[in-house]
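Q: Please see the structure below; I have some questions.
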């Protein structure tokens, strides 16, 4: 442990030398290294958390650079997966932290593998379904996790300690219907709110990992920077005895809905659809680059294949079969493009 590097943090009495040692031995998973995930991961790595697994399904694009603080213009030009680009930047910040980048779409099929062997999960996603999936996994395994979300100039976060606090599904029983909630596509987002919410999440993580559980804020913490409003909402009595997840029935609906059907999801603010294959595949991108050359202008790097299609859309394909179809927010059209190009 580099005492000189962490000297100022160790002088903060609630952390001290013993807390810093606990941080160096801790293992965390950050799901999503978009706007919130960049802030969270950076704080944890600079604070000396020993192992950080970063999971993200996306690539760096120009629209990310306004608020996703780990990325550069070169990352967008090079079509780097966010997990790989983030890992490079995080390793440069602190070479003593083990960073494991995983370019994947967290799902019921891979959650056991991607979320195993960690002490804490942090939510950096913009996807309701993935949050319910994380909640299912965390409650089933008795693992703490920290929810966060931000849109416009507002955001919220909540720390879930299975068995001790309400779970995410106690507070939000069901996902909102499509179109019922603001997204960064409909309401936009400014980067300062991302910093605030991500920093609160990272602080809660440091409290947990150093053993300062009594210091957790214990609320659904909400902030509106534009109107300078701070709204911590007590959730001490929000635990639902009939909660299907953390209640007596312990039903993990989102973790058990593995039907191997292709999964499509629109990407926030991007006019793009992310599509995951229903079953695991392993593609030879070099071979496909040759086969699909007639479909449009092809770019290939070690991580992905990109085709600028003749119809104006762009097809980005990963070796595990995941794809991002840019130029549409219609999942049916995205599935059609995927099927036409790959025949699956």
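Here, each number is a calculation from the coordinates, and none is a lab measurement. It should be emphasised that the depicted structure is a prediction, and the values quoted were computed from it without experimental measurement. Positions of Cβ are generated from backbone atoms using ideal geometry, with glycine treated the same way; all protein chains shown enter the neighbour counts.
Q: Mind checking the angle between helix 35-47 and the chain's longest principal axis? C-alpha axes, 0 to 90 degrees, to the nearest 10.
A: 50
Q: If one takes the longest principal axis of the Cα atoms in the chain, at what angle in degrees, from 0 to 90 and to the nearest 10, does the Cα axis of helix 16-25 lie?
A: Between helix and principal axis, roughly 30 degrees.
Q: Then there is this: Counting pairs of alpha carbon atoms under 8 Å apart in space and at least six apart in sequence, what relative contact order in percent does segment 35-107 give?
A: 42
Q: Ordered by packing density, taken as the mean number of other Cβ atoms within 10 Å over each peptide's residues, highest first, how do 2-14, 155-167, 45-57 rank?
A: Packing order, densest peptide first, comes out as 45-57, 155-167, 2-14.
Q: In degrees between 0 and 90, to the nearest 10, how far off the longest principal axis of the chain does helix 191-209 point, with axes built from Cα atoms?
A: Its long axis makes an angle of about 50 degrees.
Q: Rank-order 141-150, 302-311 by packing density, defined as the average count of other C-beta atoms within 10 Å over each peptide's residues, highest first.
A: 141-150, 302-311
Q: A further question on this structure: Percent relative contact order of the chain, based on C-alpha pairs within less than 8 angstrom and at least six residues apart?
A: Reported as a whole number, the value is 14 percent.
Q: Now for a separate question. If the elastic network links every pair of Cα atoms under 10 Å, which of 19, 321, 312 fluctuates the most in the Gaussian network model of the chain?
A: Ranking 19, 321, 312 by mean-square fluctuation puts 312 first.
Q: Ranked by Cβ crowding within 10 angstrom, fewest neighbours first, how are 22, 82, 287 ordered?
A: Listed from fewest to most nearby Cβ atoms, that is 287, 22, 82.
Q: For the chain, what does the helix formula give at 222 nm: sum of -39500 (n - 2.57) over DSSP H segments with n ≥ 4, over the residue count, nearest 500 deg cm²/dmol?
A: Calculated at 222 nm, the ellipticity per residue is -9000 deg cm²/dmol.
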